[in-house]
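Novice: Dropping the structure in here first, questions after.
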């Protein structure tokens, strides 16, 4: 009995469609509205009936699936756009980009990680965007690395922690000079991704000290004052004149999606001489 219900409903709809068609033909015979209006009326009335009476075959299921996939892809792209916009806004508001000319970029490639973790990234800006080698690359949280090679539309970035990146730094409130890098000291007691630090002068080194870039001539490859990381351990001196330790980087390179390349210009104003001994 239940199987007969859809058939009865379909027969009633077919009967209704026939009656509507006859009524429209009768109006046309007795001189009713023009053919354009009749067609629009027929489409308005019969269109929903055709959709109801049409068989729900495989084609309809495939079309529905394609529509769902298209909507899901549009939603994914919209969410990615919102996330990227938020990351760019955070980058431009970060202390590391304050007052600097910044070219935002997306990470589009990651080299196979080695024992020290990720050591090279590819970003989607290049020489046509004003990028050249030995530019500082930062994220909202701090230092990422330096530009190593440039193509017209992409650039490769050597990441802090790799064997080819050693950074001059200042440590703690006293600003003690140090070098930081993946191979600065023995990595036997360090976790993957952590950095080695060695002071280049006698001084104190304490857990929790912030480590920031010292800066290079003309800001290349590193501008001054960018957060490198935080001291997490101090190693015994073992006869060394200066202490050494371990630094947790400010940036988790493996989760990066948006970075900024700093376009610092060379100094053009001569530095004035001063007279010593003035009171």
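Where a number appears in this text, it was derived from the coordinates with a stated rule and is not lab data. Bear in mind the structure is a predicted one, so any value in this text is a computation, not a measurement. When we count neighbours, we look across all protein chains shown, and the Cβ atoms used for this are built from the backbone with ideal geometry, even at glycine.
Novice: If the viscosity is 0.890 mPa s and the temperature 25 °C, what translational diffusion coefficient in µm²/s does Stokes-Einstein give for the range 83-177 when Rh comes from Kirkwood over Cα pairs?
Specialist: 171
Novice: Between residue 64 and residue 108, take the C-beta separation as r, use R0 = 41 Å, and let me know the FRET efficiency to the nearest 0.05.
Specialist: The value I calculate is 0.75.
Novice: Roughly how many nanometres apart are two label points built 7 Å out from the Cα toward the Cβ at residue 86 and residue 132?
Specialist: 3.8
Novice: Given points 7 Å out from each Cα along the Cα-Cβ axis, report the residue 201 to residue 174 separation in nanometres with one decimal.
Specialist: For the pair residue 201/residue 174, the computed spacing is 1.0 nm.
Novice: Using 1/(1 + (r/R0)^6) with R0 = 35 angstrom and r between the beta carbons of residue 252 and residue 273, what's the FRET efficiency to the nearest 0.05? Walk me through the numbers before you get to the answer.
Specialist: Working: r = 46 Å, r/R0 = 1.31.
After rounding to 0.05, the efficiency reads 0.15.
Novice: Hey, fewest Cβ within 10 Å first, where do 275, 122 land in order?
Specialist: Ranked by crowding around the Cβ, least crowded first: 275, 122.
Novice: Something else now. Among 170, 248, 271, rank each residue by its count of other Cβ atoms within 10 Å, from fewest to most, as a rough exposure measure.
Specialist: 271, 248, 170
Novice: Rounded to whole Å and ordered largest first, report the semi-axes of the equivalent ellipsoid of the range 102-262 derived from its Cα gyration tensor (root of 5λ).
Specialist: Over the Cα atoms of the range 102-262, the semi-axes work out to 28, 16, 12 Å.
Novice: Starting from 0.36 nm per residue, how many nanometres of slack lie between residue 124 and residue 166 once their C-alpha separation is accounted for?
Specialist: 12.7 nm
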